[in-house]
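Coordinate-derived values only; no laboratory data. Remember, it's a predicted structure, so these values are computed and weren't measured experimentally. Cβ sites come from the backbone with ideal geometry, for glycine too, and all protein chains shown count toward neighbours.
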Amino acid sequence: MNASSAPYPAGVSEFEQAGIEAVESRLVAAPGVASARVRMECRLRELRPIAQTPMAGQLLLLDVLGIDVADEVLREGLIDPIALAAMGKLGGEAYSGATPARSLPRPRLDD
């Protein structure tokens, strides 16, 4: 994820520069990451600026057309968050990890 974030000029393959194997997508034109344990194929619905200040970012609203999930992260038909070991991009150079994972029971409303 970090290796592909360099400001490459148009026409330069981030896959090649970062040494990431690409895989052909089934439902969209853009290739996917072959080693991704979960890969979503999406269509852009809307792009909304967060603010007009520099580096404010944009909100992307997407329609998920298809999801590919590797067998090794599936448990009883669901994605196991521990097996997935997901990472998230925060601001600047910061990333977050999903381990150690915690379970929080959902609140119940008594009738």
Within the stretch 26-55, how many residues are over 23 Å from Ala83 (Cα atoms) and either touching a helix residue (DSSP H, G or I) at 6+ places or on another chain (Cβ under 6 Å) or in contact (Cβ under 8 Å) with a residue 40 or more places away in the chain (or both)? 1
One residue is enough: does the stretch 75-84 have a residue meeting the conditions surrounded by 10 or more Cβ atoms within 10 Å (Cβ to Cβ), farther than 25 Å from Arg45 by Cβ and either under 13 Å from the mean Cα position of the chain (by Cα) or touching a residue at least 60 places away in the same chain (Cβ under 8 Å) (or both)? yes
Please go through the stretch 85-97 and pick out each residue that is touching a strand residue (DSSP E or B) at 6+ places or on another chain (Cβ under 7 Å) and surrounded by 10 or more Cβ atoms within 10 Å (Cβ to Cβ). Met87, Gly88, Lys89, Tyr95, Gly97
Return the residues of the stretch 6-25 that are closer than 21 Å to Met87 by Cβ and of a type in the set (A, V, I, L, M, F, W, C); say none if nothing qualifies. Ala6, Phe15, Ala18, Ile20, Ala22, Val23
Listed residues Ala56, Ala83, Ala51; which is hydrophobic (A, V, I, L, M, F, W, C), assigned to a loop (DSSP other than H, G, I, E, B) and closer than 24 Å to Ala3 by Cα? Ala56
Just the residues that are in a loop (DSSP other than H, G, I, E, B) and loosely packed, with under 13 Cβ neighbours inside 10 Å, please, taken from the stretch 28-48. Ala29, Ala30, Ala34, Ser35
Just to be sure, is Ser13 polar (S, T, N, Q), farther than 26 Å from Thr99 by Cα and surrounded by 13 or more Cβ atoms within 10 Å (Cβ to Cβ)? no
